[in-house]
1. Please find, among 29, 46, the residue that is surrounded by fewer than 20 Cβ atoms within 10 Å (Cβ to Cβ), modelled with pLDDT of 95 or more and of a type in the set (Gly, Ala, Ser).
2. Report, by residue number, each residue of the range 290-301 that is surrounded by fewer than 16 Cβ atoms within 10 Å (Cβ to Cβ) and touching a strand residue (DSSP E or B) at 6+ places or on another chain (Cβ under 7 Å).
3. Go over the candidates 13, 82 one by one and state the one that is more than 28 Å from residue 123 (Cβ to Cβ) and of a type in the set (Phe, Trp, Tyr).
4. Given the condition surrounded by fewer than 16 Cβ atoms within 10 Å (Cβ to Cβ) and either within 30 Å of residue 203 (Cα to Cα) or modelled with pLDDT of 95 or more (or both), answer yes or no: does some residue in the range 134-145 qualify?
5. So which residues in the range 221-265 are assigned to a helix (DSSP H, G or I) and either farther than 30 Å from residue 179 by Cα or outside the structural domain of residue 289 (by TED's automatic domain parsing) (or both), if there are any at all?
6. So which of 82, 107 ends up being in contact with a strand residue (DSSP E or B) (Cβ under 9 Å, 6 or more places away or on another chain), within 16 Å of ligand 2 (Cβ to nearest atom) and aromatic (Phe, Trp, Tyr)?
7. Looking only at the range 23-31, decide whether some residue is assigned by TED's automatic domain parsing to the domain that holds residue 229, among the small types (Gly, Ala, Ser) and more than 13 Å from ligand 1 (Cβ to nearest atom).
Amino acid sequence: MAGKGLITDIKRYAIHDGPGIRTTVFFKGCPLNCLWCHNPECISPGKDLMYFEYKCIACGLCVKICPEGALKLTGKGIDIDYQLCTYCEKCSEVCPTGALEIKGRFYSVPDLLEEIEKDLLYYDSSEGGVTFSGGEPLFQPEFLREVLKGCREGKIHTVLDTAGCAPREVMASVMEYVDLFYYDLKFADPAEQERFTGSNSDLVLKNLEMLCQEGRGKDIVIRFAVIPGITDTEKNVKGLMEILSSMEGLGEIHLLLYHDVREKFRRLGREFLLTELEVPARVRMEYLQNKFSALDLKVKTNT
Ligand code: SF4
Ligand code: SF4
């Protein structure tokens, strides 16, 4: 029996995370550390504390209650010493405006299934379901597997949004319970994958190959985040196209527009290192869409 799973957030009525209306469950923890991560609050395997300064009314209640002395009220709002914080949640509980928010809550399998089942009516009316995202859901494999099994028993459609960076046995242990994979591909060159994400591309490609060999290619949507000057170079695009053309049965690829995430990093007390990064121009997305169209795949963009 799987223990509890750490979940960052549950988003309801999502319409961009798979077919129909969906509930998206964001798992905590990821073996990658992409410098442009769109959900940096999901990266660490433990809890996080986020501060939304525009909600803060400078009442000082959080400073008074913090047992570790981790908070200071300054002229610019609350200053958090993350080295001292133990994520006890006292400050977020006392904050009257929600300016401090703990990210990460433990759920048992039945509790999470109960949350997912609250939206059954929406799934039924829209042919939707639940999407497991993150972070990396495969980072909590036993918990994920039990939740997926519960969804299958309840006839709830599932999407697994994954970067595929997990041991083969982990992917093999969940794949029969997944209806659709959203599979992130970032780099063709292992050295670039290591440099920009700190992870091993061998696992990513081997798992993709295994899924295709098992006849699941038609159930995979490849997702490619267009990060200007980093993932969208001619060399990388060419390499990825070669990889994709060698995989059997794939039907679709989505090109994902990079969004500015530096605010999110700041609210977590993390430094955003890609300070020069710009959102890609529409013309660049169109160029890449045309380029990937040379493959026998349906190509979509989220511009
Ligand atoms: S979570 Fe606890 S330790 Fe961390 S800042 Fe808040 S009150 Fe202090
Ligand atoms: S309790 Fe909330 S509103 Fe009050 S100072 Fe702290 S963060 Fe700001």
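1. Working: 29 fails: surrounded by fewer than 20 Cβ atoms within 10 Å (Cβ to Cβ).
Unique residue meeting the criteria: 46.
2. 293, 298, 300 - these are the residues of the range 290-301 that are surrounded by fewer than 16 Cβ atoms within 10 Å (Cβ to Cβ) and touching a strand residue (DSSP E or B) at 6+ places or on another chain (Cβ under 7 Å).
3. Details: 13 fails: more than 28 Å from residue 123 (Cβ to Cβ).
On inspection, the qualifying residue turns out to be 82.
4. Yes, the range 134-145 contains a residue that is surrounded by fewer than 16 Cβ atoms within 10 Å (Cβ to Cβ) and either within 30 Å of residue 203 (Cα to Cα) or modelled with pLDDT of 95 or more (or both).
5. Initial filter on the range 221-265 (assigned to a helix (DSSP H, G or I)): 234-245, 262-265.
234, 235, 262, 263, 264, 265 - these are the residues of the range 221-265 that are assigned to a helix (DSSP H, G or I) and either farther than 30 Å from residue 179 by Cα or outside the structural domain of residue 289 (by TED's automatic domain parsing) (or both).
6. None of the others qualify; the one that does is 82.
7. yes
The rows are residues; the columns are (1) in the same structural domain as residue 179 (by TED's automatic domain parsing); (2) over 18 Å from residue 4 (Cβ atoms); (3) among the hydroxyl-bearing types (Ser, Thr, Tyr).
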{"residue": "99", "(1), (2), (3)": "no, yes, no"}
{"residue": "120", "(1), (2), (3)": "yes, yes, no"}
{"residue": "128", "(1), (2), (3)": "yes, yes, no"}
{"residue": "138", "(1), (2), (3)": "yes, no, no"}
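The values are calculated or read from the model by the stated rules, or taken from the named source; none is laboratory data. Keep in mind it's a predicted model, so treat the numbers as computed, not measured. Positions of Cβ are backbone-derived with ideal geometry, glycine not excepted, and every protein chain shown enters the neighbour counts.
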